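Novice: Have a look at this one.
The values are calculated or read from the model by the stated rules, or taken from the named source; none is laboratory data. Because the structure is predicted, anything quoted here is derived from the model rather than measured. So basically every Cβ, Gly included, is an ideal-geometry build from the backbone, and we count neighbours across all protein chains shown. Quick note on the areas: whole protein, heavy atoms, side chains included, nothing else; ligands and nucleic acids left out. Shrake-Rupley method; radii C 1.70, N 1.55, O 1.52, S 1.80 Å.
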Amino acid sequence: AKSLGHGKVMPPNTRDPQIVSIYLLHMTEKVAARLRRHQLEARHYALGLLSANGWIGGNFRLEAATNDVLPLRRLARRIFREHWRGEGVRQVQVTALDPRTAGLANDLFVTPDCLRARLNTAMDAINARYGDFTVAPGLLMGRSDMPDVIAPAWRPDGHRQTIDQDVELRLRRSLPYRGSI
């Protein structure tokens, strides 16, 4: 694959930082899990929020190639700190721009975190057996209940669900705490 990513359309003009951060965190988790499932890792990532004025965020280079979600969460926090100014958001996107086979060439000065790798392996095994996000960060308890799949244009009678105002209200009511990423 030349790139690997996940994006999600949000309720239009979403300005609540907690809701935006949950959607972005959800996409970082999906990309990291998918990279691990295919034994891939990446060093360059694109993270963005789509507003009426265009994409907010950018392309980021990590110190070392990874398929762990923690560096992606740090990038998401960076977008919130340095780029997003509360504009209405309608979509989030996280993309690994240069996926490659995991563990091929390790950087001499970067030591792999074996504990995180074992944790990811255990979490992936549980999620593979019992369903995606059976084990997930607590912040994702309030993630969107919309399906992860939409019908492609060539098959419009498939699974499709539209975004309505009460999706945001249901999401807001189910949030366990009022923080952001």
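Novice: Go through (1) under 14 Å from the mean Cα position of the chain (by Cα); (2) crowded, with 21+ Cβ neighbours inside 10 Å; (3) modelled with pLDDT under 95 one by one and return the number of the condition residue 77 breaks.
Specialist: For residue 77, the failing item is (2).
Novice: Same structure, new question: Consider residue 102 against the criteria (1) within 26 Å of residue 131 (Cβ to Cβ); (2) open to solvent by less than 20 Å² (accessible area, probe 1.4 Å): it satisfies all of them except one. Which criterion is unmet?
Specialist: Failed condition: (2).
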